[in-house]
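Written out below as structure tokens is the structure these notes cover.
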Amino acid sequence: MGLANKASFMLVIGTLFITGCTITQKHVEPEQVEPTTDVKPQGQPNPKPRPKSEPLYPPASTVIAWHAAKCGGFKSSSDKSNYVGENELKRLFESICLLGASEPEKALNQLEKSDHAFYWPDDIKQYLWLQKQYLQQNLAAKQAKQALSDEMEKTLSSLATIEQQLLLREETKEQ
């Protein structure tokens, strides 16, 4: 009988080991949570539903072609796709070309507004960043030119004053 008990004991232990012991595990019944319904006030509109298709952004080569078309007369092939922000980018490039040299501050403000108005993909964002750097350098050059011009004006006025004083001295010596 000792051998039969040992064999049955080993059989039970083996079965529990293979199937996993569920005797020691606690059975936790999940709590049933009632779904809460948030009631929105009547004055707030519902958010817009998301479009069924992802928005189509222009590739960087197309954006560069638009910029070249507005600034340098470069002719780009027309694409029949409607891109997100196409009209805004074309107007921005036109104003940058017109205002970039004369009023870089205004062009820079327009570029900032356009940059924040849309979510641009990385390649377009980088191109707009390059345009921003160009305008900032243009603005810095304009300010440096103005400072140099002011300094030249001061120097010329002081030279004119010195010349007048020398002429007065020469006239007093002759008399």
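The values are calculated or read from the model by the stated rules, or taken from the named source; none is laboratory data. Only a predicted model underlies this, so the values are computations on that prediction, with no experimental measurement involved. Neighbour counts run over all protein chains shown; Cβ positions are idealised from the backbone, glycine included. Side chains included, ligands, DNA and RNA excluded: accessible areas come from the protein's heavy atoms. Shrake-Rupley method; radii C 1.70, N 1.55, O 1.52, S 1.80 Å.
Hey, could you get me the Stokes-Einstein D for segment 110-168, Kirkwood radius over alpha-carbon pairs, 20 °C and 1.002 mPa s, rounded to whole µm² s⁻¹?
Stokes-Einstein gives a translational diffusion coefficient of 144 µm²/s.
Tell me, what is the 1.4 Å probe accessible area of residue 92, in Å² to the nearest 10?
10
Sort 127-133, 104-110, 146-152 for me by packing, meaning the mean count of neighbouring Cβ atoms within 10 Å per residue, highest on top.
Result, highest mean first: 104-110, 127-133, 146-152.
Using only the Cα atoms of segment 96-136, what are the Rg and Dmax in Å?
Reported Rg and Dmax, both Å: 10.0, 30.
Using only Cα atoms, what is the ratio of the radius of gyration of segment 57-175 to 2.2 N^0.38 Å?
It is 1.79.
Would you kindly derive the ³J(HN,Hα) couplings of segment 80-87 from the backbone phi angles with the Karplus curve 6.51 cos²θ - 1.76 cosθ + 1.60 (θ = phi - 60°), listing them in order in whole Hz, with x for Gly and Pro?
7, 7, 9, 9, 5, x, 4, 5
Which whole-number percentage describes the relative contact order of segment 71-175, with Cα contacts under 8 Å and a sequence gap of 6 or more?
Numbers: 32 pairs, mean separation 23.4, N = 105.
Relative CO of segment 71-175 lands at 22 percent.
Step through the residues of segment 57-69 one at a time and calculate ³J(HN,Hα) from phi using the Karplus curve (6.51 cos²θ - 1.76 cosθ + 1.60, θ = phi - 60°), rounding each to whole Hz and writing x for Gly and Pro.
Per-residue couplings from phi come out as 9, x, x, 4, 5, 5, 4, 5, 5, 4, 5, 5, 5 Hz.
At most 12 other Cβ atoms within 10 Å and a DSSP loop assignment: could you name the chymotrypsin sites (Phe, Trp or Tyr not before Pro) in segment 66-118 that fit?
Those that pass, being in a loop and sparsely packed, are 74.
Evaluate segment 68-107: find the radius of gyration of its Cα atoms, find its Kirkwood radius, and give the ratio Rg to Rh.
1.05
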